[in-house]
Amino acid sequence: MQRIKNNDNQMNSVLMYTSAILLTLVILVGVMKLWHANLTVPFNYGGDGIFTQAYIKGIVDNGWFLNNRFFGAPFGANMFDYPSSDGLTLLWVKFLSFFTQQVGLIVNSSFILTFIMTTITSLYVFRKFGISRTVAVGISLLYSFLPYHFFRGEGHFFLSFYFQVPLLIMIALWIINGEFASYSAIPIRIRDLCRQRKFVLSALICLVSSCIGVYYAFFACFFLFVAGFDAFVRDKRISHIVATVILLCVMGSGVVLNIAPNLIYVHNHGTNAEVAHKSPEDSEIYGLKITQMLLPVSGHRIGFLAKDKALYDASAPLVNENDSATLGVIGSIGFVILIAMAIFGSFLPVSRDILVIRQLAVLNLSGILLATIGGFGTMFALIISPEIRGYNRIVVFIAFLSLFAVGVLVDKLVNLASQYRRLRWVRFILPVFILAVGIYDQTTVHYIPDYNGVRSSYENDARFISQIEHSVPKDSMIFQLPYVPFPENPLVNNMADYDLFRGYLHSQDLSWSYGTMKGRAGDKWYKDVSQQPLDEMLKTISLSGFNGIYIDRYGYKDQANKMIADISQHLDEQPIYSNNQRLVFFNLIKFNNSLKLGYTPQQYEVAQDNALHPLLMSWKGGFSGLEDTTSANWRWCSSTGQSELNNPSDKPKQVEIQMSIATGYPEKSNLYISGTDFSDKLIVSNQSTLYTKIINVPPGNYILKFSSDAKRVDAPQDPRYLVFRVENFKSTILPQKY
């Protein structure tokens, strides 16, 4: 009989999870109208969505995401300056790439899977804590269909993977409940902990979670810490702290292992100050707002609610990605209950359900205090690290806690109603009603992608890139304009960030100049070349091996009309246009062949080396940033400073440097310039003094040192220590004599 009962329970569980998965798919298809979708075309084809697709295509093309030979030409690109703790998600992408190389299909299917996985894990946790099947299924679906999930979407692809959050909250509740406490005479028995199945499972969940995004790992560590501290204060047992610390170490170690390649790279190549660095005030800008959690979703299906939310968004300060923090009406009820429980819970009689809600309330209030604008998250940013800035993203934890509270209370109500024959219908109708109201409230028509518009743009770009591939040899390099720093750059006229990845996304064997990491040598080369006079730029990119120029007209105020006309005149060739007239391509093969005829083989080799390995300048010590007008440029320096000439070639170069130097006063002062093989003294004043020098720069770095005994410039409004300025600095590689 017991075996039959167990089999029945297993069958019921299978039916429950199967039903939950099917309901997830049915709701998702209905909300997004997926019958209109072509799953090989991404739902999001712009901004961060394109970056995600390029990231994933990098795995498809190169085996992994850290190095990519198809963008950042001519040197290739890497992602070592852009750390990611998403190893498990990326392994999933790698797994899918064995079955399909369609990036759109990989992204779309993975995004759909996140809904299923979130439903399954939340349902598992609710059932673990005794919530009945029908209630657990309904609340799990509401959690899976949070507005946050759609807002992040495929643009913030990795943030859509929050299915581990319910499991992490489960561990926090286990800690609070003393599941890992030791009651032996010896308070610290790590060996005993490791024999507990729940603890081993918890450690495994923490390890896996550390590989699904650093934000969720960070928030999980916070909640585990709160849980351990709460249990320790209650029972005064050090074993609570020991168990918590072990789990925190597992989580932290997993994150470190994920970013270990990045840390090694930075150790070997130095910190890149231009990439992925945040400021403490960002934690205020992107903090959590209780108002936004309780207000309806933007674009609500009910007109007056949509209008009121739009009015708030237009008038309130600091409205940004935190707009996605809406809990929905059901989640908001749970949130208010948890706040009330945190305040008045001690006055209520103790019962199993009340105890669970109290524990949820402790975690909920702690999360609010951490993430709210001006909360402890800001203190963390000021004192420890500002790298975590999007504290509004904690809403997936807050939402689960809030819906958990609703689930406990609804289940209690259902159980009470089931005791009366006439009210047994409540057991099924109430969860269905809550689910229907919640889904209607949490979703909007804005979650339906513009399938036709996206498909048209996607196919337009695909056809155009195919034309390019057929017009140039295999493995050709394409130079892209306008220059845009990568990653995280604002809109350039009408061109969104990452739009230059469109070429790479649709090509099979071309390499593209966009995508080299800003702040590194490849980016400086790309920027410098793109700013050269047109005839010099064409010569440089030709000598560097590029077979074409790709222009996104949206990146120019005049739609690049002047540039297109000038390039056509220089090349004596007309470009090809994409069907929507946005993208333009010039074939350089004819120009390249003509240019090569003007050199001897030895001269051409030297010219190629100079084009690919120009001197790279950096100004350090007391030098300030570059300032300029339309006709001049300069940089101020304190009493001492130095410039570093980097010769990336393996051959020495003879270089002529030219600059003018001036102080802030008419009195004459001394200025000294020295290198490894010379030292010069100049007499300078506020009248610019021209200085020219020919130096031999070996492979590697060559340092020029500057010092002056001039007085400090009187500039009360400028905090810098200004003594002299270097004007219109220019370095020219001199041709070798044969």
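The values are calculated or read from the model by the stated rules, or taken from the named source; none is laboratory data. Since the structure is predicted, the reported quantities are computational estimates derived from the model, not experimental observations. Reconstructed Cβ throughout: ideal geometry from the backbone, glycine too, with neighbour counts over all protein chains shown.
Residues in the stretch 321-350 that are of a type outside the set (A, V, I, L, M, F, W, C) and surrounded by 13 or more Cβ atoms within 10 Å (Cβ to Cβ): GLU321, ASN322, ASP323, SER324, THR326, GLY328, GLY331, SER332, GLY334, GLY345. With respect to (1) closer than 26 Å to LEU409 by Cβ; (2) in contact (Cβ under 8 Å) with a residue 40 or more places away in the chain, the lone exception for GLY375 is condition (1). Contact map, the stretch 236-255: first residue farther than 12 Å from ILE175 by Cα, second residue crowded, with 20+ Cβ neighbours inside 10 Å and among the polar types (S, T, N, Q), Cβ cut-off under 6 Å, separation 6 or more or different chains; pairs are MET251/SER210; GLY254/SER210; VAL255/SER85; VAL255/SER210. On inspection, ARG301 qualifies as modelled with pLDDT of 95 or more, farther than 23 Å from ASN392 by Cα and not assigned by TED's automatic domain parsing to the domain that holds LEU207. Against the numbered list (1) at pLDDT 95 or above; (2) surrounded by fewer than 23 Cβ atoms within 10 Å (Cβ to Cβ); (3) within 21 Å of the chain's Cα centre (by Cα), PRO83 comes up short only at (1).
Looking only at residues in the stretch 501-539 that are of a type in the set (S, T, N, Q) and farther than 16 Å from ASN610 by Cβ, which one is farthest from the chain's Cα centre (by Cα)?
GLN531
For beta carbons closer than 6 Å, sequence separation of 6+ or different chains, a first residue in the stretch 445-464 that is within 21 Å of VAL29 (Cβ to Cβ) and surrounded by 16 or more Cβ atoms within 10 Å (Cβ to Cβ) and a second that is small (Gly, Ala, Ser) and at pLDDT 95 or above, the qualifying pairs are TYR451/ALA37. For the stretch 193-217, a tally of residues being surrounded by 23 or more Cβ atoms within 10 Å (Cβ to Cβ) and assigned to a helix (DSSP H, G or I) returns 4.
Do we find that ASN62 is outside the structural domain of VAL484 (by TED's automatic domain parsing) and in contact with a strand residue (DSSP E or B) (Cβ under 9 Å, 6 or more places away or on another chain) in this structure?
yes
Regarding the stretch 233-250, can at least one residue be identified that is modelled with pLDDT under 95, within 20 Å of GLY390 (Cβ to Cβ) and in a loop (DSSP other than H, G, I, E, B)? No; the residues of the stretch 233-250 include none that is modelled with pLDDT under 95, within 20 Å of GLY390 (Cβ to Cβ) and in a loop (DSSP other than H, G, I, E, B).
Has the stretch 654-662 got any residue that is surrounded by fewer than 17 Cβ atoms within 10 Å (Cβ to Cβ) and hydroxyl-bearing (Ser, Thr, Tyr)?
Here is the first cut: in the stretch 654-662, the residues surrounded by fewer than 17 Cβ atoms within 10 Å (Cβ to Cβ) are 654, 656, 658.
Those still in the list that are hydroxyl-bearing (Ser, Thr, Tyr) too: none.
Looking for residues that are surrounded by fewer than 17 Cβ atoms within 10 Å (Cβ to Cβ) and hydroxyl-bearing (Ser, Thr, Tyr), one finds none in the stretch 654-662, hence no.
Checking each residue in the stretch 151-168 for being part of a helix (DSSP H, G or I) and either within 16 Å of the chain's Cα centre (by Cα) or buried (at least 23 other Cβ atoms within 10 Å of the Cβ) (or both) picks out PHE151, ARG152, PHE157, PHE158, LEU159, SER160, VAL165, PRO166, LEU168.
Look at the stretch 256-279: where a residue is of a type in the set (D, E, K, R) and surrounded by 12 or more Cβ atoms within 10 Å (Cβ to Cβ) and a partner is in a loop (DSSP other than H, G, I, E, B) and at pLDDT 85 or above, sitting 6+ places away or on another chain with Cβ atoms under 6 Å, you get GLU274/LYS518; GLU274/GLY519; LYS278/PRO386; LYS278/GLU387; LYS278/ARG389.
Looking only at the stretch 376-397, residues that are under 22 Å from ALA340 (Cβ atoms) and touching a strand residue (DSSP E or B) at 6+ places or on another chain (Cβ under 8 Å) come to 2 in all.
Rundown of residues vs (1) without any contact (Cβ under 8 Å) to a residue 40 or more places away in the chain; (2) surrounded by fewer than 17 Cβ atoms within 10 Å (Cβ to Cβ); (3) farther than 25 Å from LYS730 by Cβ, yes/no style:
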residue	(1), (2), (3)
THR540	no, no, no
ILE549	no, no, yes
ARG553	yes, no, yes
MET563	no, no, no
HIS570	yes, yes, no
LEU588	no, no, yes
PRO601	yes, yes, yes
ASN610	no, no, no
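Residues in the stretch 101-145 that are among the aromatic types (Phe, Trp, Tyr) and surrounded by fewer than 20 Cβ atoms within 10 Å (Cβ to Cβ) were compared, and the one that is farthest from ALA325 (Cα to Cα) is PHE129. Of the helices (runs of 4 or more DSSP H) that lie entirely inside the stretch 528-602, not one contains 3 or more residues that are at positive phi and in contact with a strand residue (DSSP E or B) (Cβ under 7 Å, 6 or more places away or on another chain).
This table checks each residue for (1) in contact with a Ser or Thr (Cβ under 8 Å, 6 or more places away or on another chain); (2) more than 22 Å from VAL606 (Cβ to Cβ); (3) in a strand (DSSP E or B); (4) modelled with pLDDT under 90.
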residue	(1), (2), (3), (4)
LYS651	no, no, no, yes
ILE661	yes, yes, yes, no
ASP680	yes, yes, yes, no
ILE683	yes, yes, yes, no
ASN686	yes, yes, no, no
LEU690	yes, yes, yes, no
ILE703	yes, yes, yes, no
LYS711	yes, yes, no, no
ALA715	no, yes, no, yes
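When the stretch 455-469 is filtered for residues that are more than 19 Å from ASN587 (Cβ to Cβ) and either outside the structural domain of LEU500 (by TED's automatic domain parsing) or of a type in the set (Lys, Arg) (or both), only ARG455 remains. The residues listed here are ASP628, ASP718, ASP650, ASP709; of these, the one that is touching an Asp or Glu at 6+ places or on another chain (Cβ under 9 Å) and acidic (Asp, Glu) is ASP650. If you scan the stretch 621-649, which residues turn out to be part of a strand (DSSP E or B) and within 19 Å of PRO698 (Cβ to Cβ)? Of everything in the stretch 621-649, those that are part of a strand (DSSP E or B) and within 19 Å of PRO698 (Cβ to Cβ) turn out to be GLN642, SER643, GLU644, LEU645, ASN646, ASN647.
Residues in the stretch 666-681 that are farther than 17 Å from MET617 by Cα and either touching a residue at least 60 places away in the same chain (Cβ under 8 Å) or surrounded by 16 or more Cβ atoms within 10 Å (Cβ to Cβ) (or both): SER669, LEU671.
Scan ASP509, ASP475, ASP497 and give me the residue that is acidic (Asp, Glu), free of Cβ contacts under 8 Å to residues at least 40 places away in the same chain and in the same structural domain as LYS562 (by TED's automatic domain parsing). None of the other options fit; the residue is ASP475.
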